[in-house]
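What follows draws every value from the coordinates through simple rules; no lab data is involved. Quantities reported herein were computed from a predicted structural model and do not represent experimental measurements. We place every Cβ from the backbone using ideal geometry, glycine too, and count neighbours over all the protein chains shown.
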Amino acid sequence: AQKVTQAQTEISVVEKEDVTLDCVYETRDTTYYLFWYKQPPSGELVFLIRRNSFDEQNEISGRYSWNFQKSTSSFNFTITASQVVDSAVYFCALSDQERDDKIIFGKGTRLHILP
Amino acid sequence: DTEVTQTPKHLVMGMTNKKSLKCEQHMGHRAMYWYKQKAKKPPELMFVYSYEKLSINESVPSRFSPECPNSSLLNLHLHALQPEDSALYLCASSTGTGYRTDTQYFGPGTRLTVL
């Protein structure tokens, strides 16, 4: 069965600290896609990244970086020098192995950045 | 431009009312989605339209009725809702290529309260 596990329900860090959000997934597919979304208090889900299972290079975008480890089925997300505006719920998601128009969300990690 | 718009932002309705939620995108996407999100939970897929045809209905009660009048518009008609239907309703769209899982881009959502 497919599954996305975000074991950290809630994390609080002080501004300027680095923080890593964990995502572990299960799938039988050999080709699959992984996503991260940010949901600030306003409610909109903001797309952050989409990663193909064949591309194991780590990705960096400004203060955001992603570490894809196929061997451990993990796709972790790190925010460097966190800011108050990073406070949000972050969802990791996995493409459904039966349908290409479905994604499976993890339960989300609520991140609080304290000033 | 990766914008999906939704109206209204907030909606309060009684259990006997009929109302509609509207979603619009002008990215040329051919797949559109309705999700329901309860507090502190991930989004739950309700419906998917692909090339203006309903392709997924996740066993949603008939008091929710989707409609896709054209490739840019998606409506969700609401009738005889229950208080437990109160939630954030999110619309999303993707290119809908049909052979891989594309990124879904989300709108800001409609916060629905059923009294």
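For the reader, a short list of remarks on this structure follows.
- Contact order, relative form, for chain B: 37 percent (alpha carbon pairs under 8 Å, 6 or more residues apart, mean separation divided by residue count).
- Neighbour-count order for A:Glu44, A:Glu10, fewest beta carbons within 10 angstrom listed first: A:Glu10, A:Glu44
- Other residues with beta-carbon under 10 Å from the beta-carbon of B:Leu73 carry, at +1 per Lys or Arg and -1 per Asp or Glu, a net charge of -2.
- Rounded to the nearest 20, the size of the Cβ-charge dipole of chain B about its Cα centre is 300 debye, with Lys and Arg at +1 and Asp and Glu at -1.
- Gaussian network model of chain A, springs between alpha carbon atoms under 10 Å - residue of A:Ser71, A:Ser82, A:Ser61 with greatest fluctuation: A:Ser71
- The range B:55-115 - charge dipole about Cα centre, Lys and Arg +1 at Cβ, Asp and Glu -1, debye rounded to 20: 80
- Listed by chain and number, the lysines whose C-alpha is less than 20 Å from the C-alpha of B:Lys41, apart from same-chain residues fewer than 8 away, are A:Lys3, A:Lys38, A:Lys102, A:Lys107, B:Lys9.
- Computing FRET efficiency as 1/(1 + (r/R0)^6) for A:Tyr64 and B:Met15, where r is the C-beta to C-beta distance and R0 is 45 Å, gives about 0.55.
- For the range A:1-74, relative contact order (Cα pairs under 8 Å, six or more residues apart, normalised by length) works out to 25 percent.
- The Cβ shell under 13 Å around B:Thr113 holds other residues with a net charge of +2, Lys and Arg each +1, Asp and Glu each -1.
- Cα-centre dipole for chain A with unit charges at Cβ (Lys and Arg positive, Asp and Glu negative), debye to 20: 100
- Choice from B:Lys41, B:Lys19, B:Lys53 showing the highest fluctuation, given a GNM over chain B with Cα pairs closer than 10 Å: B:Lys41
- Net charge over other residues, Cβ less than 15 angstrom from the Cβ of B:Gln82 (K, R count +1; D, E count -1): +3
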